[in-house]
Amino acid sequence: MTIAAAAAAALGGAILLLSDGRRALALGVGLLGAGLSGLAVDAGHIVGAVALLAGAIVAAVLRLRSGPAGWAVMPAGSTPRLILTIVTSLIALWIAVSVTSGDGTGLRFAVTALLVMLTVRLMLGAEAAAANTAASGIALTLGAGALLANGGAPDAACIVAAAVAAGMPALPRRETHGA
Amino acid sequence: MEPELTVALPAAGWACAAALRPRPRLALAAGAVFGVGGIVALLLSGPGITSYDLGLPLSVSPVGRALLVVAALALAFIVILAPARAERSTMLAWGLAALAGMAAMAVAPELDIAVMVLLGLVLLQAAALGRRPYASRIRGPLLAIALLGLGLVFARMTGPAALQRLAAVGLVAGLVAAIGALPFVHEFDAEEMTATSPVPWLTFIGPVLAIVVVARGRELMPSAVDVMGALLIAVGLLNMVYGATAAWRVDGGAAAWRYLFMADWGLALCGLGLGVADGLRAALLILFSMLLVRLPLYLWSRQALRENVQNDRPVNLLVAAALAGSAPFAGFPARILLLKGATAMYWPLALVIGPLLLLWIPAGLRLGRTLGTPTGRQLLGVGIALAAGVALGVYPQPLLTLAGL
């Protein structure tokens, strides 16, 4: 269960990093949210898990409404992104398994890998829809990251994260062209 | 009074002001009523008292409360004496949204929630009409949020001590990226509206964010407090050198103002990193001065900057003195406290900071001229801002007492 959820979350992040089309972005954020939700269930936070899953589903459905049409998975020139995906995943796996200790290995792997992948996505010059989706993913990942805390209010963090992630694609996006 | 109201009332004010935008007077009145209500709720809420009404422990620290009060005063000041071309109801709406977000960050029980509130503010600002492309507007702030997130994750992992140090790096880098205290993190367009530009991160939201991140970061990583302090001092020194030099030499007055804000952030970050009471007092004085003196002066200089009007009248020299941190303005005691704190912690640091303070003189003289020839309401505003600077410089104790220092 843990391995499958962590792999699903990382795969969602990889799809977000490697794709430009709205369908792929929606699939990526959905998978990412489902994976993180599974990891939250594994950590015993049912409320947080439901919130993360709901946030991801809403974000994915709203993403399907706008953005570049189609899938556009690994368009031309995406080799550096592919290499970054593999390297990031391996380093995150090393940190989660070898460097750190304690429970929640899957969560540590997924959160570390996703934060780096989604930041890289933004830094590599994402189009607005991809940037928005990456921001939704970052919000969900931050919510899941709160589950690593001993005590505190991790479920509240997941609910806030889900609200931000779901609201992100719904926000009006206005910009002056050619300014 | 509950801390929830300090968030809810400004948020309601923002919603009313935004919804009533076609009727500016009504929007202004509704926003003002809710905004004043928020300040009253903040003043009446006891610092450190925890409320569980929402099922979460919400409380505001004395320092956060003092900064929120000063930010609210600055907002009222800016809106009442708004620059000629600015639409007051829009300024108030943006200010109340920021104030609600800052209050939410200050009362949040966990740094995670504060970071997500920050993300909400980033998205709200990015949703507005801006001159820069959407993706470039959100890139810097989202990088900051991801770095803060990485810092939080590393802080919570169990493992070697290096993880805590990495967490300190993530939190400091995220903070610096969020406020835009290093150049090139946020793209800057001199012609962009202030509310959608990087300036609010530097001058309005940044102070509360910095206090929240530093305070919560120290709680999260007790074994890496020294590393965090050293990083803050290092980034602060870099900002002092780069910001003050660039404010003096860069082309374009608006860019020079931005660099001066960065230089001031250098002082504030050094003060926060020292970890002694005098350092915190110095940082707070710098941040109070940024909110009450420098931000209004920047807004009133924008018209003259657009028209490329420069002047050397006495009022410009007074503004130059205030910006350069000379006595009797707020920057002077802040610098003295900073040097005192640095001497107490590690005296050679004071030998480094002392000469750097001279870099503010040419930058201040240059930016004093950019205010042009203030007249009417603008002159009144400049006078009040300078008087506030003198009051903070001569007798800062009331605000420091409000901050529990």
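Sorting the segments A:13-20, B:161-168 by their residues' average number of neighbouring beta-carbon atoms within 10 angstrom, most packed first, yields A:13-20, B:161-168. Averaged over peptide A:108-120, the number of partner chain Cβ atoms lying within 10 Å of each residue's Cβ comes to 4.
What the phi angles of segment A:65-78 give under the Karplus curve with 6.51, -1.76 and 1.60, with θ = phi - 60°, is a coupling list of 7, 9, x, x, 5, x, 9, 6, 7, 6, x, 4, x, 9 Hz, glycine and proline written as x. A cut-off of 5 Å between modelled amide H atoms, ignoring neighbours fewer than 5 places along the same chain, links residue A:19 with A:74. The residues neighbouring residue B:319, those whose beta-carbon lies less than 13 Å from its own, together hold a net charge of +3 under the Lys/Arg +1, Asp/Glu -1 convention. Taking amide H as placed 1.01 Å from N in the peptide plane, the amide H of residue B:60 sits under 5 Å from that of B:48, B:49, each at least 5 places away or on another chain.
For the residues of B:120-126, the average number of beta carbons from a partner chain within 10 Å of their own beta carbon is 4.
Once a ≥ b ≥ c are taken as the square roots of the eigenvalues of the Cα gyration tensor of chain B, is the result rounded (a/c under 1.5), prolate (a/b larger than b/c) or oblate (a/b not larger than b/c)? Because its axes are fairly even, with a/c under 1.5, chain B counts as rounded. Across segment A:139-147, computed HN-Hα scalar couplings (Karplus, 6.51 cos²θ - 1.76 cosθ + 1.60, θ = phi - 60°) run 4, 4, 5, 4, x, 5, x, 5, 6 Hz from first to last residue, x flagging Gly and Pro.
Packing, taken as the mean count of other beta carbons within 10 Å per residue, orders the peptides B:372-380, B:11-19, B:197-205, A:71-79 from highest to lowest as B:197-205, B:11-19, B:372-380, A:71-79.
I need the shape label for chain A. Rule: rounded when a/c is under 1.5, else prolate if a/b > b/c, else oblate, with a, b, c from the alpha carbon gyration tensor. Note, shape of chain A comes out oblate. Residues whose amide H falls under 5 Å from that of residue B:158, counting only those 5 or more places apart or on a different chain, are A:101, with hydrogens built in the peptide plane. The string of couplings for segment B:123-129 from the Karplus curve (6.51, -1.76, 1.60, θ = phi - 60°) is 5, 4, 5, 5, 6, 7, 6 Hz, one whole number per residue in order, with x for Gly and Pro. Neighbours of residue A:121, meaning other residues whose beta-carbon lies under 12 angstrom from its beta-carbon, give a summed charge of 0 when Lys and Arg score +1 and Asp and Glu score -1. The overall shape of segment B:169-216, judged from the alpha-carbon gyration tensor, is oblate: a/c is not under 1.5, and a/b is no greater than b/c.
Counts of other chain beta carbons within 10 angstrom of each beta carbon in peptide B:135-141 average 5. Protection proxy ranking, highest mean first, for peptides B:50-62, A:26-38: A:26-38, B:50-62, where packing is the per-residue count of other beta-carbon atoms within 10 Å, averaged. A straight line joining the Cα centroids of segment B:67-83 and segment B:1-50 runs 13 Å.
Taken together, the values in this text are just the output of simple stated rules run on the coordinates, not laboratory data. Computed from a predicted model, the values in this text were never measured in an experiment. Neighbour counts run over all protein chains shown; Cβ positions are idealised from the backbone, glycine included.
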